[in-house]
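Enquirer: I'd like to ask you about the structure that follows.
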Amino acid sequence: MSTKIKDYRTQFIQELSPIYDVGEAESFFYLILEEKQKLKRIDLALNLDLTFSNEEIQLWNSILDSLKEEIPIQYLLGKTSFYGLEFEVNENVLIPRPETEELVEWIISNPQIHKSTNPLRILDIGTGSGCIAISLAKNIPNAQVFAIDVSEKALVTARRNAEINEVNVTFLEKNILETDDLEQQFDIIVSNPPYVRKLEKQEIKKNVLDNEPHLALFVEDNDALIFYRKIAELAQKNGSPNGQLFFEINQYLGKEMMELLEKMSFKNIELRKDIYGNNRMMKAEF
C-alpha cells in the first residue's frame, strides 16, 4: 500500500507545527524530499499523484520522530551548505552559521589579499567542520591554508570536507591553549572559538544545547576571553608584518574585545555587526 506524498506532506507539517513554525516545517519536508527521494518541490507540484512506499514511509516517520526531539535537520541529513559549498556535519562539529559566512566574506573581499603576489599563509584556529578554512582555500587561489582543532573526531570530518570540496588544507590536532609557538609565520589568522558563557546557556535553543558539541560552544563565565587572549598572543608572535587577525565574537563582549586588542597594541581594530545587527566580527592588524 502506498501513500500520496502530498498527503504525507500535510501530516508531516501538522505533526511538527507545535515545535516549529509552518514555514520551517515545510522547508524541512522539501529538504528531506530532495535528499532522500531526489525530488524537488516542482516535481511534486507537477505530479500530485506521486507516492511513498511503505518502506519510504517508515524512513520518513523515523526522521519525523527525530525532528520532534529537536535533533537538527543538518545532522539528520548529514550535511549542510556554507558559502555555496557542501559540508558533512555530525555530532562532533558545530553546524556552520550564516554569521560565519559573513566572516568568510569579509576576509575574501579584503583588498590586501588580492594585492598580494606571494602565497598567503592562512591559519584557522578551532576549525571544527573546516568550513572557514575550506571556504578560504576554495576562494583565495594563492592561499596556503592551515587549520587547527583540539578534537580528533572533528578533524576527521574536516579532512573529509576538504576532499569533498577538492581543496588542500593542512589540518593539525593541537590544543591552542597549550600552544606557545605556531612555529611558522601567518599572514592571516582567523578564529571562531568557543565564546558562549555558561550564564548565556538559557539563550541557546534546545536543539543546539542538546545536540551540538559543548567543547566548541562554551567558556567559563569568569574568563570568557580566554581563547581570544591566547590567539592574539600567538598572532603577535607568529604573525607576518602587516598581517591580519579576524575573529567571530560573543555579541555581548564587543567592548571588552576592543579593549583587549587595544591593550595588546593591535592596529586598525574594527568591530562589525552581523546581518542580525549584533556585534559579531572583529578585524585587527598585527
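Enquirer: As an exercise, take the mean of 1/r over every pair of distinct alpha carbons in segment 72-127, invert it, and state the Kirkwood radius in angstroms.
Expert: One decimal place: 13.3 Å for the Kirkwood radius.
Enquirer: Compute the label zone of Y252 within segment 175-206: residues whose backbone N is under 15 Å from the point 7 Å along Cα-to-Cβ.
Expert: Zone members listed by number: 195-205.
Enquirer: To continue, here is another question. Average projected area of the Cα convex hull of segment 225-269, in nm²?
Expert: 3.0
Enquirer: Based on the mean of other beta carbon atoms within 10 Å per residue, what is the order of 197-206, 258-267, most packed first?
Expert: Per-residue mean Cβ counts within 10 Å order the peptides as 258-267, 197-206.
Enquirer: Still on this model: Take every Cα-Cα pair in segment 163-286 and report what % of them are more than 27 Å apart.
Expert: 23
Enquirer: Please compute the modelled spin-label separation between I19 and N142, points set 7 Å along Cα→Cβ, answer in nm with one decimal.
Expert: 5.0
Enquirer: About the Cα centre, and with charges only on the beta carbon of Lys, Arg (+1) and Asp, Glu (-1), how big is the dipole of the chain? Nearest 20 debye, please.
Expert: That gives a dipole near 560 debye.
Enquirer: Something else: Given the Cα-Cα distance of D65 and H114 and 0.36 nm per residue of separation, how much length would full extension add, in nm?
Expert: 12.8 nm
Enquirer: Straight-line reach from K201: which aspartates and glutamates fall under 16 Å, measuring Cα to Cα and dropping same-chain residues less than 8 apart?
Expert: The reachable aspartates and glutamates, counting only those whose Cα sits under 16 Å from K201, are D210, E212, E220, D221, D223.
Enquirer: Given bins 10 angstrom wide, list per bin the percent of all Cα-Cα distances in the chain, short to long.
Expert: 6, 26, 31, 20, 12, 5, 1, 0
Enquirer: Same structure, new question: Pop a pseudo-label 7 angstrom from the Cα along the beta-carbon direction at both E56 and Q11 and give the gap in nm to one decimal.
Expert: Between E56 and Q11, the simple spin-label model gives 1.4 nm.
Enquirer: Measuring from centroid to centroid over Cα atoms, what is the spacing of segment 26-56 and segment 70-135 in Å?
Expert: For segment 26-56 versus segment 70-135, the Cα centre distance is 29 Å.
Enquirer: Continuing with this model, one more query. Can you give me the pair-distance distribution of segment 1-129, C-alpha pairs, 5 Å bins, whole percents?
Expert: 2, 9, 15, 18, 15, 12, 8, 7, 6, 4, 3, 1, 0
Enquirer: Still on this structure, please answer the following. Over segment 89-202, with the other protein chains present, what is the accessible area per residue in square angstrom, probe 1.4 angstrom?
Expert: 44
Enquirer: On to the next question. Between Q202 and V156, how many nm apart are label points set 7 Å from Cα along the C-beta direction?
Expert: Each label point is offset 7 Å from its Cα along the Cβ direction, giving 3.8 nm.
Enquirer: So if we plug the beta-carbon distance of Q236 and I42 into 1/(1 + (r/R0)^6) with R0 = 51 Å, what FRET efficiency do we get, rounded to 0.05?
Expert: 0.40
Enquirer: Then there is this: Return the carbon/sulfur percentage of the accessible area of the chain, one whole number, probe 1.4 Å, all protein chains in place.
Expert: Within the chain, the accessible surface is 48 percent carbon and sulfur.
Enquirer: Here is a further query. Which order do the peptides 38-46, 278-286 take when ranked by the mean count of other beta-carbon atoms within 10 Å per residue, highest first?
Expert: 278-286, 38-46
Enquirer: In 10 Å bins starting at zero, report the fraction of Cα pairs in segment 1-59 per bin as a rounded %.
Expert: In whole percents, the pair-distance histogram is 23, 57, 20, 0.
Enquirer: What is the extension gain from E34 to R272, computed as 0.36 nm multiplied by their sequence separation minus the C-alpha to C-alpha distance, in nm to one decimal?
Expert: Full-extension gain reported as 82.1 nm.
Enquirer: Give K138/K273; K174/K283; K79/K237; K68/K273; K138/K174; K115/K198 a once-over and call out the pairs whose C-alpha atoms are over 30 Å from each other.
Expert: Beyond 30 Å: K79/K237; K68/K273; K115/K198.
The values are calculated or read from the model by the stated rules, or taken from the named source; none is laboratory data. Here the structure is a predicted model, which means the values were calculated and not measured. Virtual Cβ from ideal backbone geometry, glycine too; neighbours counted across all protein chains shown. With ligands, DNA and RNA removed, areas are computed over all heavy atoms of the protein, side chains included. Shrake-Rupley method; radii C 1.70, N 1.55, O 1.52, S 1.80 Å.
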